[in-house]
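Enquirer: Quick one: the structure is below, questions incoming.
Just so it is clear, none of the values below were taken in a lab; they were calculated from the coordinates. Treat the numbers as computed from the prediction; the structure is a model and nothing was measured. As a convention, Cβ positions derive from the backbone with ideal geometry for all residues, glycine included, and neighbour counts pool all protein chains shown.
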Amino acid sequence: MTGAKRSSQAPDVPTIAEGGLPGFAFEPFYAMVVAAGTPSEIVNALAEGIARGLGTPEFRAQFLKIVASPVSTSTPDQMTSGRRRKRS
């Protein structure tokens, strides 16, 4: 496990830091991108639709099952400024 904490999906599997590389932590990161100059109305509409899809209990459960990490989302402004929202 590459995260700072053990996964709730595999609590008996130690993290890389616990396995001998102290301080190591990497959280998965996925992003949707559009071409430079895409109008903000389109960017915001896409972001809202994606957030709705990612927010369903069914998607969140399946994502956690496959990736062993909870879904984390951010707004377009947070993404471009480097501020990601906490996991929910």
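Enquirer: Would you indicate which of [x] 44, 11, 10; [y] 30, 16, 8; [z] 22, 16, 14 is the value of semi-axes √(5λ) of the Cα gyration tensor in Å derived from the coordinates of this structure?
Expert: Correct label, based on the coordinates given: [y].
Enquirer: OK, next. Place a point 7 Å from the Cα of Gln78 along the Cα-to-Cβ direction; which residues of the stretch 1-35 have their backbone N under 17 Å from it?
Expert: 27-33
Enquirer: With point charges of +1 on the Cβ of Lys and Arg and -1 on the Cβ of Asp and Glu, referenced to the Cα centre of the chain, which listed residue (Ala36, Thr56, Ile16) lies farthest in the positive direction of the dipole?
Expert: Farthest towards the positive end: Ile16.
Enquirer: While we're on this one: Going by amide H atoms built from the backbone, whose H comes under 5 Å of the H on Ala17, apart from near neighbours?
Expert: Phe24
Enquirer: In percent, how large is the relative contact order of the stretch 25-88, given Cα pairs closer than 8 Å and 6 or more residues apart?
Expert: About 23 percent, as a whole number.
Enquirer: Also, I was wondering about something else. Could you derive backbone 3J(HN,Hα) for the stretch 72-79 from the dihedral phi with the Karplus parameters 6.51, -1.76 and 1.60 (θ = phi - 60°), listing whole Hz in sequence and x where the residue is Gly or Pro?
Expert: These are the phi-based 3J(HN,Hα) values: 10, 10, 8, 7, x, 5, 5, 5 Hz.
Enquirer: Tabulate in residue order the Karplus-calculated ³J(HN,Hα) for the stretch 32-49, using 6.51 cos²θ - 1.76 cosθ + 1.60 with θ = phi - 60°, rounded to whole Hz; enter x for Gly and Pro.
Expert: Taking θ as phi minus 60°, the curve returns 9, 10, 10, 5, 3, x, 5, x, 4, 4, 6, 4, 5, 5, 4, 4, 5, x Hz for the stretch 32-49.
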